[in-house]
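Here's the structure, in structure tokens; my notes come after.
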Amino acid sequence: MEQKRVYLDNSATTAVDMEVIKEMQSYFSGAYGNASSFHHFGRQSKSALDNARSKVALLLNASPEEIFFTGCGTESDNIAIFGILNAYGKKGHIITSKIEHHAVLYSCKHLEKSGYEVTYLDVDKDGVVSVEDFKKSVKDDTLLVTIMHANNEVGALQPIAEIAAELKKINEIRKDRVYFHTDAVQSAGKLRLDVKKLNVDLLAISGHKFNGPKGVGVLYVRGGTNISPITFGGHHEGGLRPGTENVACIVGLAKALELSNVNLEANNKTIFNLREKLKKGILDKIPEVTINGSGNKAVDNILNVSFNCIEGEALLLMLDMRGIAVSTGSACASGEDGPSHVLKAMGVDDVVAQGAIRFSFGHNNTQEEVDYTLEVLPKVVSGLRLMSPAWKQKKV
Ligand code: PLP
């Protein structure tokens, strides 16, 4: 019998929607011109590129000149951070948080090694940075603030608009503007993003997180921002991201963002109900679990749970054997030792953090899939606990 498959790892990546695939198809063959070519084929692609740019601009409340297509979310983050600092052409201070994705965190670590000073803001137990802490951290030589919108492990939403409002006041009395970048990779498609309301200078998103294709991202750069390219080789994307544009995937990203916005409330309702059903089921059926992060100030699609006396990796493997795909809340998943830097920053005990699992939902998930997960999970947890010396010790 074929193994049943349940995909609960939608924060890692999502299935591409059929409507998106349909929209992309003609740009692989047929309308495959290079958007920089002057002939019919090139013009076809250029027009698709322009349409996609206008569509994304409209959805983010930006203008088309402020939208730059990139190769992924990681690249968008890197262009934002290094591009702003390169344009400054001097060393200075950067403010970020302890819970950033590695695309930002490792960029900041790298910058520290090359002479920049970095402040890593703490978060509270729900994974949220404090605006007061932010205000206190600004220095005379601060050049850049980079704080994510929604966290990828626990879903915690950061007070981006509030920080931007404080930064606006600070910028009014300074010579060097402090630029504000947000990594919105995990909020795009789950919240209606409005760069004017968020009041950021730079914002990064990635197609594959909202049922679009992999290998394509967007960087919004507010008009008038002083930014330099970090790679060289052509005039594409206003010279900020040289390289022949991936037209099919760009078209797909724009369509996916459009669809996710059109269906946002309905999708979020489905996803919220699924997550709450799973959460309630886990709390009812399995003893000694900890829910990491708050549901209130968070996107709806993530449930991060620690199962006492169990290693997250072991649980992930056992669930995979039964067809359920999840992710660990620990950094081990990305080839690192030790518990997740996000849970650590939230004050979660190391042992508890080692037992963390991230369930992340998408609009394709069903009630029946949650029922199956709730049938399998308690058995797997009990089985692993029977083999756990820590659990046995607890029970004597
Ligand atoms: N930022 C966040 C918050 C993410 O969750 C991810 C991917 O997991 C990225 C950046 C990187 O995006 P990409 O996979 O498109 O490089």
- Message: How charged is the neighbourhood of residue 11? Take every other residue with its Cβ under 9 Å from the Cβ of residue 11, and add Lys/Arg as +1 and Asp/Glu as -1.
- Response: 0
- Here the net charge surrounding residue 389, from other residues whose Cβ is less than 14 Å away from its Cβ (Lys, Arg +1; Asp, Glu -1), is +3
- Message: Can you list which of the DSSP-assigned H helices in the chain have a Cα extent of 27 Å or more along the long axis and an average Kyte-Doolittle score of at least -0.5?
- Response: 40-60, 367-386
- Query: Relative contact order for the chain using alpha-carbon pairs under 8 Å, separation at least 6, rounded to a whole percent?
  - Reply: 22 percent
- Leaving out ligands and nucleic acids, note down the accessible area per residue over segment 18-262 with a 1.4 angstrom probe, in whole Å². 41 Å²
- Item | Pairwise Cα inverse-distance average, inverted: Kirkwood Rh of the chain (Å) | 22.1 Å
- Please arrange 102, 39, 149 by accessible surface area, largest first, computed with a 1.4 Å probe and ligands excluded. 39, 102, 149
- Message: Test of understanding: given the chain, find the longest segment containing no GluC sites (Glu not before Pro) that are in a DSSP loop and have at most 13 other Cβ atoms within 10 Å.
- Response: 3-335
- Item | Local electrostatic count at residue 143 - Lys and Arg +1, Asp and Glu -1, tallied over other residues with Cβ under 15 Å | 0
- Query: Any idea how far the Cα center of segment 53-79 sits from the one of segment 256-304, in Å?
  - Reply: 27 Å
- Message: So if I take the centroid of the Cα atoms in segment 100-115 and the same for segment 170-241, what is the distance between those two points in Å?
- Response: 17 Å
- Note on the structure: For residue 14, other-chain or 5+-apart residues with amide H closer than 5 Å (H placed, Pro excluded) are 211
- Query: Within the accessible area of segment 18-262, what % is carbon and sulfur when the probe is 1.4 Å and the other protein chains stay in place?
  - Reply: 54 percent
- Fraction of antiparallel bridges per DSSP, the chain only, in percent to nearest 5: 55 percent
- Estimated 222 nm signal from helices in the chain, with DSSP H stretches of n ≥ 4 weighted -39500 (n - 2.57), rounded to 500: -13000 deg cm²/dmol
- Calculate, in nm to one decimal, what residue 141 and residue 47 gain on full extension: separation in residues at 0.36 nm each, minus their alpha carbon distance. 29.6 nm
- Note on the structure: Between residue 70 and residues 5 or more places away or on another chain, the pairs with built amide H atoms under 5 Å apart involve 217, 218, 219
- Item | Long-range HN-HN contacts of residue 145 with modeled amide H, under 5 Å | 95, 179, 180, 181
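The values are calculated or read from the model by the stated rules, or taken from the named source; none is laboratory data. Bear in mind that the values here come from a model prediction, so they are computed numbers and not experimental data. Note: ideal-geometry Cβ built from the backbone for every residue, glycine included; neighbour counts use all protein chains shown. Calculation scope for accessible area: heavy atoms of the full protein, side chains included, ligands and nucleic acids excluded. Shrake-Rupley method; radii C 1.70, N 1.55, O 1.52, S 1.80 Å.
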